[in-house]
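To keep things clear, I will list the structure first and then write my remarks on it.
The values are calculated or read from the model by the stated rules, or taken from the named source; none is laboratory data. Remember, it's a predicted structure, so these values are computed and weren't measured experimentally. Using ideal geometry, Cβ is built from the backbone for each residue, glycine included, and neighbour counts are taken over all protein chains shown. Just so you know, the surface numbers come from the protein's heavy atoms only, side chains and all, with ligands and any DNA or RNA stripped out. Shrake-Rupley method; radii C 1.70, N 1.55, O 1.52, S 1.80 Å.
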Amino acid sequence: MTRKLFGTDGVRGRANTYPMTAELALRLGAAAGRYFRRDASPGHRVVIGKDTRLSGYMIETALTAGLTSTGMNVLLLGPVPTPAVGLLTTSMRADLGVMISASHNPAHDNGIKFFGPDGFKLSDEAEKEIEALVFSESQPAQAENIGRAKRIDDGRFRYVERVKGTFPQGLTLEGLRVVVDCANGAAYKAAPEVLWELGAEVIPLGVTPNGHNINDGVGSTKPQAAQALIRESGADVGICLDGDADRVAILDETGAIADGDQIMALFANRWAEEGRLMGRTLAATVMSNLGLERFLSERDIGLHRTPVGDRYVVEAMRRYGMNLGGEQSGHIVMTDYATTGDGLIAGLQFLAEMVRTGRRASELAHSFERVPQLLQNVRFSAGQTPLEVSDVKAAIAEAEARLAGSGRLLIRKSGTEPLIRVMAECEDEALLKRVVGDVVSAVEAAV
């Protein structure tokens, strides 16, 4: 069965436009309820969190209606980071966790992500089964078995305490001035609270959500405001989260950005030295820079590459017994602490390294020299299949031949947006620009 609804990170799209309509959310909730409620016994639970998008109210209500119609009892967390849903799904003994968020996308988009009872995102196979149920006849519960909905007021506080518990005992953030950019998103309260309670002088940014300004000029994909604030305030470091706080970008005291690859390099090296890196291997996607691969190889640390998407990273980590992985985009997964990427925990681990070593952020945030990498996106319309056009295939084959032995080319469809992503790496930057430009031109001509 070909999936129509689920991408690499749940169901996502423009709010009030298929598939992100109230009607589809209701059917999706009913399908998930049927999938996870395997018997008629009472007590089945689902926790639902969301970010700060205005459309979250609509989708939350529709999902709740669908889930309760199958007999599931719904616990509403309100605005919390995505990793909080994974945590609370297990701690509250729920059968299912749901996060309503489109992550780093603009406010007009939204999405629905599912977590199993173990707190991990669902497999492709589970998503396919739920999708099949969406398009089948509904089987609602009997009237006396309809589920209840209840708001949980302390979900954020439970998450905050868990996050603080990942910071090394005996260390404090006293004396550190930290800019934290919460993207007007799900961590707008939790992140400043955690940092302040651990002793940091907190300079907050992106903490005034209004339903429309999530990721708007702030957050991990728009770090310019945080960079300016670091320079103006003389801060020691910046932590930039995305809308649902499952990814992070670290900014040093000059405002320079360390992406996920640099953060993973720092953690992998430290954990390997301490004997903590399980399998002495890091899991990362095909997008991670060749410079990271070389850095790890020089230290006898393995790199296991996966398809793009943090859940594919987690699946590989679980399958092969690894405890550290992530994406260049800033999803850092540490299964010792969380079941999914957690930008705030990753930021805390970086701050702990600053405190432990006494080194500046700029000394820790740039572990290796990146191989020049160029990524360009081409938008396409529904129904178009540009990667199947013969001229595009020929352009890709020619680009691969020109890069043979000196770099690599990666072409893929985005799992969250209607985009073709064209990425290449090569020491020769002129060649890099030519091959990417040629492929992009071919794709543009086909759409």
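At-a-glance table
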{"read-out": "Selection status of Arg34, assigned to a helix (DSSP H, G or I), modelled with pLDDT under 95 and out of contact with any Asp or Glu (no Cβ under 8 Å at 6 or more places or on another chain)", "value": "yes"}
{"read-out": "Check on Ile230, at pLDDT 95 or above, assigned to a loop (DSSP other than H, G, I, E, B) and open to solvent by less than 10 Å² (accessible area, probe 1.4 Å)", "value": "no"}
{"read-out": "Region 154-170, residues that are in a loop (DSSP other than H, G, I, E, B) and either free of Cβ contacts under 8 Å to residues at least 24 places away in the same chain or touching a Lys or Arg at 6+ places or on another chain (Cβ under 7 Å) (or both)", "value": "Asp154, Gly165, Gln169, Gly170"}
{"read-out": "Cβ-Cβ under 7 Å pairs, at least 6 apart or on other chains, region 320-331 side over 9 Å from Thr281 (Cα atoms), far side part of a loop (DSSP other than H, G, I, E, B) and among the hydroxyl-bearing types (Ser, Thr, Tyr)", "value": "Gln328/Ser288; Gly330/Ser220"}
{"read-out": "Among the candidates Ala265, Ala235, Ala245, Ala284, residue that is among the small types (Gly, Ala, Ser), open to solvent by less than 40 Å² (accessible area, probe 1.4 Å) and either at pLDDT below 95 or on the phi > 0 side of the Ramachandran plot (or both)", "value": "Ala245"}
{"read-out": "In region 109-135, the residues that are surrounded by 17 or more Cβ atoms within 10 Å (Cβ to Cβ) and assigned to a loop (DSSP other than H, G, I, E, B)", "value": "Gly116, Gly119, Phe120, Leu122"}
{"read-out": "Scan of region 330-352 for residues that are closer than 17 Å to Val180 by Cα and of a type in the set (Asp, Glu), ordered by number", "value": "Asp342"}
{"read-out": "Scope region 196-209; condition touching a residue at least 40 places away in the same chain (Cβ under 8 Å) and either under 15 Å from Val160 (Cβ atoms) or open to solvent by 50 Å² or more (accessible area, probe 1.4 Å) (or both); matching residues", "value": "Leu198, Ala200"}
{"read-out": "Any hit, region 401-411, residues being surrounded by 15 or more Cβ atoms within 10 Å (Cβ to Cβ), more than 21 Å from Glu327 (Cα to Cα) and in contact with a helix residue (DSSP H, G or I) (Cβ under 7 Å, 6 or more places away or on another chain)", "value": "yes"}
{"read-out": "Residue match in region 395-409 (condition: touching an Asp or Glu at 6+ places or on another chain (Cβ under 9 Å), more than 17 Å from Val286 (Cβ to Cβ) and of a type in the set (A, V, I, L, M))", "value": "yes"}
{"read-out": "Filtered residue count, region 1-21, keeping only those that are crowded, with 17+ Cβ neighbours inside 10 Å and modelled with pLDDT of 90 or more", "value": "10"}
{"read-out": "Qualifying residues in region 287-316 (those that are at pLDDT 95 or above and β-branched (Val, Ile, Thr)) - the one nearest to Arg408 (Cα to Cα)", "value": "Thr306"}
{"read-out": "Odd one out for Ser55 among (1) open to solvent by 10 Å² or more (accessible area, probe 1.4 Å); (2) more than 21 Å from the chain's Cα centre (by Cα)", "value": "(2)"}
{"read-out": "Number of positions in region 46-89 that are part of a loop (DSSP other than H, G, I, E, B) and closer than 20 Å to Lys121 by Cα", "value": "4"}
{"read-out": "Qualifying residues in region 144-159 (those that are open to solvent by less than 80 Å² (accessible area, probe 1.4 Å) and not hydroxyl-bearing (Ser, Thr, Tyr)) - the one farthest from Asp244 (Cα to Cα)", "value": "Asn145"}
